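Encoded as structure tokens, the structure appears first; notes follow it.
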Amino acid sequence: MTNAITRRERKKREATNRIVECAAELFAERGYGATTMDDIAERADVSRATVFNYFARKEDIVLAWFTDRRAEFAHLLAESGGQGDTPGRLRAAFRALAHIFEHSPEIGRGMVRAWLQAGGPLLTPESDTSRLFTEVIGDGQDAGDIAVEIDPDRTGHVLFDAYQGELNRWATAEGEPRDLERPLLAILEIILSGIATRR
């Protein structure tokens, strides 16, 4: 029984991954609005009913893709945890975020555009990424790297908003994808100049 459940869960995960991957390709190629659930089913080589069995709306596919990216980011951030001071951890975090989207820039840009068109900011008002930044800031205050008078929650939101704004500019810029890491790190340095303790 356990093996059957495990096999069933594995097949479900494989199917959802395939649907999300194919949808991401189509959103990058055609755009979010021009891609239908039928298109996604055809590309994924599954029935339309199978797509709707896992995802009621296209927005749900976009959210699933970003949920996977947030999990990837949390893993990368955890790997850097405790290594270096807080500004160094934040720089590593912003580099990791840039890497996630620059790894496959056309897919990354297409999915950010899809997220914006799907109303992503309204669908996910409280971000896991923002909470992770808040935790890093709190740890930094405990370590003496971040000024104690800084509100960790608000600063986590500021860091997330700065990252999200730069990501949106990168995704919606005309022409070939430009570098994402450099502007992300530049905006982080501006924020750090206001929150880091003077040594």
Self-check item: Criterion (without any contact (Cβ under 8 Å) to a residue 12 or more places away in the chain and surrounded by 13 or more Cβ atoms within 10 Å (Cβ to Cβ)) met by exactly one of GLU174, GLU189, GLU181
Solution: GLU189
Self-check item: Selection count where residues are closer than 18 Å to ARG69 by Cβ and without any contact (Cβ under 8 Å) to a residue 60 or more places away in the chain, scope the range 9-29
Solution: 10
Quiz item: Quick one: is ASP85 surrounded by 15 or more Cβ atoms within 10 Å (Cβ to Cβ), touching a helix residue (DSSP H, G or I) at 6+ places or on another chain (Cβ under 8 Å) and in the same structural domain as LEU184 (by TED's automatic domain parsing)?
Solution: yes
Quiz item: Are any residues in the range 32-68 basic (Lys, Arg) and either without any contact (Cβ under 8 Å) to a residue 40 or more places away in the chain or out of contact with any helix residue (DSSP H, G or I) (no Cβ under 7 Å at 6 or more places or on another chain) (or both), and if so, which ones?
Solution: ARG43, ARG48, ARG57
Quiz item: Given the conditions (1) under 22 Å from GLY165 (Cβ atoms); (2) touching a residue at least 24 places away in the same chain (Cβ under 8 Å), which single one is not true for ALA92?
Solution: (2)
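To keep it simple, each residue is scored yes or no on (1) under 16 Å from ARG178 (Cβ atoms); (2) under 13 Å from the mean Cα position of the chain (by Cα); (3) surrounded by fewer than 17 Cβ atoms within 10 Å (Cβ to Cβ); (4) of a type in the set (Val, Ile, Thr).
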position	(1), (2), (3), (4)
VAL62	no, yes, no, yes
PHE66	no, yes, no, no
HIS75	no, yes, yes, no
HIS99	yes, yes, yes, no
HIS103	yes, yes, yes, no
GLY119	no, no, yes, no
Quiz prompt | the range 140-158 - residue that is among the charged types (D, E, K, R) and under 22 Å from the mean Cα position of the chain (by Cα) and, of those, surrounded by the fewest Cβ atoms within 10 Å (Cβ to Cβ) | solution = ARG154
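So which of LEU116, LEU159 ends up being modelled with pLDDT of 90 or more and under 18 Å from ALA92 (Cβ atoms)?
LEU159
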Practice problem: Only helices (runs of 4 or more DSSP H) wholly contained in the range 1-73 count here; list those with 2 or more residues that are β-branched (Val, Ile, Thr) and at pLDDT 95 or above. | Solution: 2-30, 48-54
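The values are calculated or read from the model by the stated rules, or taken from the named source; none is laboratory data. The model shown is predicted, which means the values in this text are computed figures rather than measured ones. Virtual Cβ from ideal backbone geometry, glycine too; neighbours counted across all protein chains shown.
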